[in-house]
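What follows is a set of notes on a single structure, which appears directly below.
The values are calculated or read from the model by the stated rules, or taken from the named source; none is laboratory data. Source: prediction; values computed, not measured. Please note: Cβ atoms are built from the backbone with ideal geometry, for glycine as well, and neighbour counts cover all protein chains shown. Side chains are part of the model used for accessible areas, which takes the heavy atoms of the whole protein and leaves out ligands, DNA and RNA. Shrake-Rupley method; radii C 1.70, N 1.55, O 1.52, S 1.80 Å.
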Amino acid sequence: MTMWISQNTQVRLEPLKDPPKTIRYSFLKTKFGQMMMGVISPISGDSKDQVAIGVLHFVDKNNVSTYNEVQERWPKSELCKDDDAVKLVADKLFGGDKENSQAILIAIYGTDFQLSVWQALVNMKRGETCTYSQLAERMGRPTAVRAVASAVAKNEVAILIPCHRVVSQNGASKYHWGAALKQQLLADEKSQN
């Protein structure tokens, strides 16, 4: 069986005050190809056992180029390979009793505006799409289309913060990891609804 995320997966965004000192990462095989997952713990000073996903990138060319891109996007964080730490979170995300699982924590670091865009993406229904301007309108910021597009592009957690559900008004299928993958993800979601 190939790993993929249950359609009932719930996520909760956990804003970070500062970039994490360490991101523990590993590479995973999924239904849609190899992904790099990075986990952050603890995400707050009061809870040592809380672990959150901070990075979830598809491997575009190879593991090294994906690692380098993540390091560029998180210059103040040390990336440490830790298959065991990531496996614990991946098992919760991809396996187990998905009907009754608790929300998956996602550690996010950005401006208040970016956080609001990412929350709006999380609030979208599975299989639903919208344009950048529709997303800006939903947020009550109809003139902020470019800023919304910029925030969507800065999303570090593919799939769980579903930036693949945003489509261009002209029908172009832009996606950081390629138009073909975006179309596969959308088709898979629609087929499960």
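The set of residues in the range 124-145 being open to solvent by 20 Å² or more (accessible area, probe 1.4 Å), in contact with a helix residue (DSSP H, G or I) (Cβ under 8 Å, 6 or more places away or on another chain) and free of Cβ contacts under 8 Å to residues at least 40 places away in the same chain consists of GLU128, TYR132, SER133, ARG138, MET139, ARG141, PRO142, THR143, VAL145. Of the residues making up the range 53-72, just one is of a type in the set (Ser, Thr, Tyr) and under 17 Å from ALA85 (Cβ atoms), namely TYR67. Looking only at residues in the range 98-123 that are assigned to a loop (DSSP other than H, G, I, E, B) and over 23 Å from ASN8 (Cβ atoms), the one that is most open to solvent (accessible area, probe 1.4 Å) is TYR109.
Inclusion of HIS176 among residues that are open to solvent by less than 20 Å² (accessible area, probe 1.4 Å), at pLDDT below 95 and either of a type outside the set (Phe, Trp, Tyr) or outside any helix (DSSP H, G or I) (or both) is not warranted.
Residue by residue, here is whether (1) open to solvent by 50 Å² or more (accessible area, probe 1.4 Å); (2) modelled with pLDDT of 95 or more; (3) under 15 Å from the mean Cα position of the chain (by Cα); (4) not aliphatic (A, V, I, L, M) holds:
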{"site": "LYS29", "(1), (2), (3), (4)": "yes, no, no, yes"}
{"site": "PHE32", "(1), (2), (3), (4)": "no, no, yes, yes"}
{"site": "ASN68", "(1), (2), (3), (4)": "yes, yes, no, yes"}
{"site": "CYS80", "(1), (2), (3), (4)": "no, yes, no, yes"}
{"site": "PHE94", "(1), (2), (3), (4)": "no, no, yes, yes"}
